[in-house]
Amino acid sequence: MSEIYDLVVIGAGSGGVRAARMSAATGAKVVIIENRYMGGTCVNVGCVPKKLFFYASELRNHLHDAEGFGLFNTLDRFSWETLRDNKSNEIKRLNSIYENILEAPGVEIIRAKGRILAPDTVLADGRELKTKRILVATGGWPFKPNIPGIEHTIDSNDVFSLPEFPQTVVVVGGGYIASEFAGILSGLGAKTTLIYRGDLILRGFDNEIRQYITKQMTGKGINIMTDIDVKEVRLLEDGRRQCVLDNGSTIDADLVMYATGRKANTEGLGLEDLGVELNKDGSIHVDACFKTNINNVYALGDVIGTPALTPIALEQGMVFVDQQFGEDQRDMDYSLIPTAIFTQPPIGTVGLSEEDAVKENPNDVDIYCSEFRPLKHTMSQSKERSFMKLVVRRSDNRVLGAHMVGDHSSEIIQTLAIALRLGATKTDFDRTIAVHPTAAEEFVTMRNVSRSH
Ligand code: NDP
């Protein structure tokens with residue numbers, strides 16, 4: 001009789017790898033199945049390569065800024081090939097690190113597509129694996145609307161391996177990826193237009209932050225078009241693309257990138273035959289223990305439709321392992337998720353937006369804001385400015401939200417998230433000694449209420 005696994009994980013992305021290796025570390029017999037790349041979206045076509053491109057794009061800005069400090073550079077050549085290939089080498093290195101951290105605690109790796117045959121059986125590479133539990137952690141996949149000519153566009157997977165760098169780009173969408181890539185591509189020298197169907201990019205974030213970043217991005221030369229959508233993409237004779245907009249006008253570009261969201265990656269897993277219940281958006285429906293409606297079949301990460309962020313998948317993996325193999329039967333806590341958007345300048349945010357705070361605490365909200373020119377830019381020629389904001393509940397002085405647009409905001413927000421988790425009040429912020437001269441010190445020196453609700 002074949003061996004019985006304690007856990008079969010399908011998908012070696014952030015959540016799957018974490019769950020597999022931490023389960024194996026408890027002594028469980030674990031196999032992980034992956035048919036694409038080790039490390040999933042984050043490592044291969046997401047957070048990590050995006051951040052490397054973001055650095056490249058920012059460096060170019062730094063070179064311009066340097067002149068005000070008497071450092072003169074020549075920016076006569078940008079080699080896309082060097083950036084792309086160095087990035088790919090780094091990703092290869094990370095892929096093998098992922099393999100090593102799986103193999104160290106004894107996780108078996110199968111490089112194939114996994115298909116669930118029954119609640120205790122997974123088919124992979126011609127083998128029928130018998131198991132006590134199955135964990136689906138297959139992540140998400142870019143979604144593009146089905147408009148004429150959509151095949152002439154790329155998505156956020158393709159952008160990492162472009163054969164050549166475009167001179168002109170249209171980015172469609174107004175979420176995380178569209179905003180980040182509009183900045184990256186523009187910073188690297190492409191004439192960039194962002195087309196968003198809504199009235200203000202980054203829906204769901206604090207409105208003032210959305211307005212502020214729009215102004216900053218526009219100031220850097222990105223053409224942001226709102227309340228408009230692309231209804232067709234044409235391939236022109238010279239190989240360029242033409243976007244036909246819903247007001248009848250057209251816009252030509254070397255490259256059209258769609259960043260219109262991601263969908264759960266559930267195809268070919270056998271979920272339908274098994275009768276696994278899906279949510280309306282196609283993600284897998286699970287309970288607080290990541291269990292689907294089918295016994296022994298679990299799912300976590302982007303495939304279950306919770307916030308599609310690597311740290312969420314990692315934490316879900318930890319909670320799952322504790323629930324299944326540990327003594328700590330805790331649930332996942334989705335409150336106060338800090339997040340950064342690597343626009344230029346970046347956004348860091350944690351807690352409630354002004355709008356949500358007012359909705360939840362009517363007539364009980366004070367807003368503290370600070371808007372300034374960072375010290376560095378008093379010497380550089382850059383017009384970039386920074387904005388910070390604290391959302392405070394007046395009755396108990398509790399800080400409900402912290403938001404920033406500006407250099408280092410992604411780093412600053414991580415520590416502020418600890419303060420908010422600990423229930424910090426505005427008085428705690430005020431009594432914290434500042435670090436000077438920094439931008440972060442503004443968070444502890446905002447004395448005057450900007451407005452009250
Ligand atoms: P988002 O959900 O953030 O944004 C999708 C955007 O596409 C929205 O502006 C949406 O408009 C628009 N859109 C959706 N459907 C259509 C359509 N049919 N036609 C035109 N526009 C459309 O998705 P992303 O793809 O940007 O990113 C996916 C997820 O990945 C994010 O939600 C985030 O969780 C994660 N991510 C995190 C990053 C980080 O932590 N820094 C970086 C990148 C991604 P509307 O607002 O009107 O719905």
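For ILE418, the criteria (1) out of contact with any His (no Cβ under 6 Å at 6 or more places or on another chain); (2) farther than 21 Å from LEU336 by Cα hold in every case but one, which is (2). If you go through the stretch 31-72 and keep only what is over 22 Å from PRO311 (Cβ atoms), in contact (Cβ under 8 Å) with a residue 60 or more places away in the chain and either away from the ligand (no atom under 16 Å from the Cβ) or of a type in the set (Lys, Arg) (or both), you end up with VAL31, ILE33, ASN35, ALA56, ARG60, ASN61, HIS64, ASP65, ALA66, GLU67, GLY68, PHE69. Residue count for the stretch 61-85 under the criterion of being touching a helix residue (DSSP H, G or I) at 6+ places or on another chain (Cβ under 8 Å) and under 18 Å from PHE160 (Cβ atoms): the result is 3. The lone criterion from (1) open to solvent by less than 90 Å² (accessible area, probe 1.4 Å); (2) more than 28 Å from GLY219 (Cα to Cα); (3) among the hydrophobic types (A, V, I, L, M, F, W, C) left unmet by CYS369 is number (2). Restricting the stretch 227-237 to residues that are open to solvent by 50 Å² or more (accessible area, probe 1.4 Å) and in a strand (DSSP E or B) leaves a set whose member that is farthest from the ligand (Cβ to nearest atom) is LEU235.
Among the residues of the stretch 419-428, is there at least one that is hydroxyl-bearing (Ser, Thr, Tyr), over 25 Å from GLY219 (Cα atoms) and open to solvent by less than 70 Å² (accessible area, probe 1.4 Å)? Looking for residues that are hydroxyl-bearing (Ser, Thr, Tyr), over 25 Å from GLY219 (Cα atoms) and open to solvent by less than 70 Å² (accessible area, probe 1.4 Å), one finds at least one in the stretch 419-428, hence yes.
Residue check: LYS87 meets all listed conditions (1) touching a residue at least 24 places away in the same chain (Cβ under 8 Å); (2) basic (Lys, Arg); (3) over 30 Å from MET217 (Cβ atoms); (4) surrounded by fewer than 21 Cβ atoms within 10 Å (Cβ to Cβ) but one, namely (3). What do you reckon, is GLU208 touching a helix residue (DSSP H, G or I) at 6+ places or on another chain (Cβ under 9 Å), away from the ligand (no atom under 11 Å from the Cβ), open to solvent by less than 50 Å² (accessible area, probe 1.4 Å) and part of a helix (DSSP H, G or I)? Answer is yes for this residue.
Suppose we keep only residues that are open to solvent by 30 Å² or more (accessible area, probe 1.4 Å) and of a type outside the set (Gly, Ala, Ser) within the stretch 185-199. Which one would you say is farthest from the ligand (Cβ to nearest atom)? Outline the logic, then answer.
In the first step, residues of the stretch 185-199 are kept if they are open to solvent by 30 Å² or more (accessible area, probe 1.4 Å); the result is 189, 191, 197, 199.
From what is left, the residues that are of a type outside the set (Gly, Ala, Ser) are 191, 197, 199.
Values: LYS191: 21, ARG197: 5, ASP199: 9 Å.
The selected residue is LYS191.
Counting residues that are within 14 Å of the ligand (Cβ to nearest atom) and either modelled with pLDDT under 95 or open to solvent by less than 30 Å² (accessible area, probe 1.4 Å) (or both), which strands (runs of 3 or more DSSP E) fully inside the stretch 238-316 reach at least 2?
On the way: elements: 241-245, 250-253, 255-258, 262-264, 297-299.
Filter on the stretch 238-316 gives 241-245, 255-258.
Go through THR378, THR349, THR339 for me and flag whichever is free of Cβ contacts under 8 Å to residues at least 12 places away in the same chain, within 30 Å of ALA56 (Cβ to Cβ) and either of a type in the set (Val, Ile, Thr) or surrounded by fewer than 15 Cβ atoms within 10 Å (Cβ to Cβ) (or both).
Details: THR349 fails: free of Cβ contacts under 8 Å to residues at least 12 places away in the same chain; THR339 fails: free of Cβ contacts under 8 Å to residues at least 12 places away in the same chain.
Result of the check over THR378, THR349, THR339: THR378.
The values are calculated or read from the model by the stated rules, or taken from the named source; none is laboratory data. These figures come from a predicted structure and were not determined experimentally. Glycine gets a Cβ as well: all are built from the backbone with ideal geometry, and neighbour counts include every protein chain shown. What goes into the accessible areas is simple: the full protein's heavy atoms, side chains included, and nothing from ligands, DNA or RNA. Shrake-Rupley method; radii C 1.70, N 1.55, O 1.52, S 1.80 Å.
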